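So the structure is just underneath, and the comments pick up after that.
Since every read-out is calculated from the coordinates, none of them should be taken as a lab result. Everything numeric in this text was worked out from a predicted model, so none of it was measured. Positions of Cβ are generated from backbone atoms using ideal geometry, with glycine treated the same way; all protein chains shown enter the neighbour counts.
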């Protein structure tokens, strides 16, 4: 019996501008940081769910992930709720990973202005 189970890893990053290049750069930075902090391979990933605020519509975050080699991983994008006063130009992610890490060992990653979303994790 394996000691690995599926855990969710959260993260978010703000994007400088609504352009395909800025979105791709932000997705790469976020995914690389989450992988580094949680020590998993793409074979370990069960699926990834991205959301983007409504002001980011120049490219799909999942497309940027596929370009980074996440092409065998199930990826999905959606629009984040448009809550007044919320952080603009933000990409959020939930990565479902098969891991031996305990819930208290998972490292969620919030970068750039998105650090303000979860100051308790800073």
Among the residues of the range 87-122, what is the count of those that are touching a helix residue (DSSP H, G or I) at 6+ places or on another chain (Cβ under 9 Å) and either under 18 Å from residue 23 (Cβ atoms) or in contact (Cβ under 8 Å) with a residue 24 or more places away in the chain (or both)?
20
The range 49-107, residues that are touching a strand residue (DSSP E or B) at 6+ places or on another chain (Cβ under 8 Å), surrounded by 18 or more Cβ atoms within 10 Å (Cβ to Cβ) and assigned to a loop (DSSP other than H, G, I, E, B):
53, 56, 60, 70, 73, 80, 89
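Do you know which residues across the range 1-21 are closer than 13 Å to residue 65 by Cα and touching a residue at least 12 places away in the same chain (Cβ under 8 Å)? It would help to see each step written out before you state the result.
First, pick out the residues of the range 1-21 that are closer than 13 Å to residue 65 by Cα: 20-21.
Matches in the range 1-21: 20 only.
Looking only at the range 21-48, count how many residues are farther than 18 Å from residue 7 by Cβ and either surrounded by fewer than 18 Cβ atoms within 10 Å (Cβ to Cβ) or touching a strand residue (DSSP E or B) at 6+ places or on another chain (Cβ under 6 Å) (or both). Let's see the steps before the verdict.
Just the residues of the range 21-48 that are farther than 18 Å from residue 7 by Cβ, to begin with: 21-29, 32.
Filter again for either surrounded by fewer than 18 Cβ atoms within 10 Å (Cβ to Cβ) or touching a strand residue (DSSP E or B) at 6+ places or on another chain (Cβ under 6 Å) (or both), leaving 21-22, 25-26, 28-29, 32.
Summing the residues that are farther than 18 Å from residue 7 by Cβ and either surrounded by fewer than 18 Cβ atoms within 10 Å (Cβ to Cβ) or touching a strand residue (DSSP E or B) at 6+ places or on another chain (Cβ under 6 Å) (or both) in the range 21-48 gives 7.
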Looking for something in contact (Cβ under 8 Å) with a residue 40 or more places away in the chain and on the phi < 0 side of the Ramachandran plot - is there at least one such residue anywhere in the range 65-73?
yes
